[in-house]
Amino acid sequence: IAESYTRTLLVTIGASVVLLFVLLWLWQVRKHSRQLKENERIIWQQAHYDYLTQLPNRRLFQDRINQLLINHERRSTRFALLLIDLDGFKEVNDTMGHDQGDALLKMVTHRLSECLRKSDSLSRLGGDEFTVIVKNLSKSQTAEAVAQKMLEVMAQPFYLQNSPVYISASIGITLFPDDYPDTYDSASLMKNADQAMYEAKKLGKNQFHYYTDNMHHEALYRMELLADLRSAIDDHEFQLYYQPIINLKNDRIEKLEALVRWHSDKRGVVPPNEFITLLEETRLINTLGDQLFDEALAFSKSINQNRERPIEISLNVSPLQLKFKTVETWPKKLKAEHARVTLEVTESMLMEYNISDSLVSLRNMGFKVSLDDFGVGYSSLAYLRQFPFDYLKIDRSFVNHMTETSDELHLCKAIIDMAHQLKLSVIAEGVETQEQMDLLKSLNCDYAQGYLISRPLPTAEITALIQNKQSIPEFELQNPV
Ligand code: C2E
Ligand code: CA
Ligand code: CA
């Protein structure tokens, strides 16, 4: 028994020792493979990132571009490639030494990164050359906005050894797929961005240039327009015109839509479609919007003096005015003037920006709300139900094309019936012919607006029109304004 016990013990000890060795060996293998992985990561990091700035290097940048181009074949993508070359870097390097040059490159990296969104990517190709890929280009995210911002941050002095150093940047921009109607590869993108960057250098540095001339001219035009708009706002060069809206039951003018005009010394009278988007992109719409609201209130006061039934003013508002809450001061002013103001908003704005709450609270504080341009966007019934609108405006493209035999007639009828079921009043805009006016009456539409009644007019003329013709028995085309 003792012998068999000893044997079992020996076997157990032997097995345990073997197991211990196996475990030790496995642990070593794992440690080794971890080490290998770590080494692999370090090698990958060194191969793809720039040691000085920790930015992606030329190789990783090229991988990313290639990836975008491959993705484009499956799902179309649009992006801008910016090539940034510093002006005056060589001088700093030569006069202050390479350490200072390196320090400057790190500061440049930091400033450039601050101009970007998360989805944009900055790389360093080497020397003083950087690239940026700006993805998801949209109306509000333009390549030139990024380029402009970069030029601005570069123009600020850098401090090396406590003294200010001035450099600037030249930027070349190519847009994909816009600049590539036929074939493309990463090399052609780089070549074009490079060519555009050289153009920027040639034209005097410290600027950006597009690969194609057309885009460059467009960008220059927008920059000039923006500069003019800024000073126009300061100088109060904007003025509201008013277009009558009549009640179709009695042909009386009951409302006026305020439409902005820019009286520019340089450009003449500029219509809103040429500048509202740019004002929105630059947030200047908030400043102008406040000016226009005050102007509309003052006009409402003057026109409604001694009037039994006050005339309502409709003002177009941009979603940004609601989003940035500049409208918060409005209800108090509205109350103080006892004015009646309707805010016109479009459906696409409601969808794009989450502003229903602020519209609801404006409505609770005395404003009416009108859904503008109905029929062209999503025209979602859900929105109509969800939000307490007072008016629905049928877009002028439907009214304009309406004849006795047109599809538009059925569309207008459907919209009017639906709106009435939801207890909304309907305003048809863009009424240009007597036939359209008669058809709208037969469809039981509530209000009409359009050139047939009157064009938008400046305050003196609209005041005269209202005082002389409180009701308009015969519609006559007014002289174009
Ligand atoms: P909207 O709100 O749809 O304004 C109606 C536009 O239709 C006005 O153009 C008006 O002049 C035009 N219109 C009126 N009757 C007729 C007609 O019978 N036939 C035709 N073909 N057109 C007619 P306008 O004044 O050029 O304004 C264009 C757009 O600019 C407006 O479209 C509105 O979205 C925007 N807008 C105008 N004023 C302002 C403003 O003060 N603030 C903001 N955020 N946007 C404004
Ligand atoms: Ca409108
Ligand atoms: Ca409209």
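The values are calculated or read from the model by the stated rules, or taken from the named source; none is laboratory data. Here the structure is a predicted model, which is why all the values come from computation and not from measurement. Cβ: placed from backbone, ideal geometry, glycine included. Neighbour counts: every protein chain shown. Accessible surface is based on the protein model in full, side chains and every heavy atom, while ligands, DNA and RNA are left aside. Shrake-Rupley method; radii C 1.70, N 1.55, O 1.52, S 1.80 Å.
Side notes on the structure shown:
- Matching residues in segment 239-274 - criterion: being crowded, with 17+ Cβ neighbours inside 10 Å and at positive phi: ASP251
- Cross-chain or 6+ apart pairs with Cβ under 7 Å, segment 106-130 first and touching a residue at least 40 places away in the same chain (Cβ under 8 Å), then outside any helix (DSSP H, G or I) and polar (S, T, N, Q): LYS106/THR53; THR109/THR53; SER123/ASN57; SER123/THR131; ARG124/THR53; ARG124/ASN57; LEU125/THR131; PHE130/SER123
For (1) of a type in the set (S, T, N, Q); (2) part of a strand (DSSP E or B); (3) surrounded by fewer than 19 Cβ atoms within 10 Å (Cβ to Cβ); (4) within 16 Å of ligand 1 (Cβ to nearest atom), each residue gets a yes or a no:
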position: SER300; (1), (2), (3), (4): yes, no, no, yes
position: TRP330; (1), (2), (3), (4): no, no, no, yes
position: LEU350; (1), (2), (3), (4): no, no, no, yes
position: SER358; (1), (2), (3), (4): yes, no, yes, yes
position: ARG363; (1), (2), (3), (4): no, no, yes, no
position: GLY366; (1), (2), (3), (4): no, no, yes, no
position: TYR383; (1), (2), (3), (4): no, no, yes, no
position: PRO388; (1), (2), (3), (4): no, no, yes, no
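- Taking residues in segment 431-449 that are charged (D, E, K, R), and partners anywhere that are open to solvent by 30 Å² or more (accessible area, probe 1.4 Å), the pairs with Cβ atoms closer than 8 Å and at least 6 places apart or on different chains are GLU432/ASN400; GLU432/TYR451; GLU435/THR403; GLU435/GLU404; ASP446/LYS249; ASP446/SER425.
- Listed by position, the strands (runs of 3 or more DSSP E) enclosed by segment 110-207 that each have at least 1 residues that are open to solvent by 60 Å² or more (accessible area, probe 1.4 Å) are 158-160, 163-165.
- Selection from segment 422-445 of residues that are part of a helix (DSSP H, G or I), within 15 Å of ligand 1 (Cβ to nearest atom) and either modelled with pLDDT under 95 or open to solvent by 40 Å² or more (accessible area, probe 1.4 Å) (or both): GLN434, GLU435
- Every residue from segment 332-348 that is within 16 Å of ligand 3 (Cβ to nearest atom) and not in a helix (DSSP H, G or I): THR342, LEU343, GLU344, VAL345, THR346
- Out of ALA419, ALA382, ALA339, ALA414, sole residue that is more than 22 Å from the chain's Cα centre (by Cα) and either under 23 Å from LEU259 (Cα atoms) or at pLDDT 95 or above (or both): ALA339
- Of residues in segment 390-416 being open to solvent by 60 Å² or more (accessible area, probe 1.4 Å), assigned to a helix (DSSP H, G or I) and charged (D, E, K, R), the one nearest to ASP372 (Cα to Cα): ARG396
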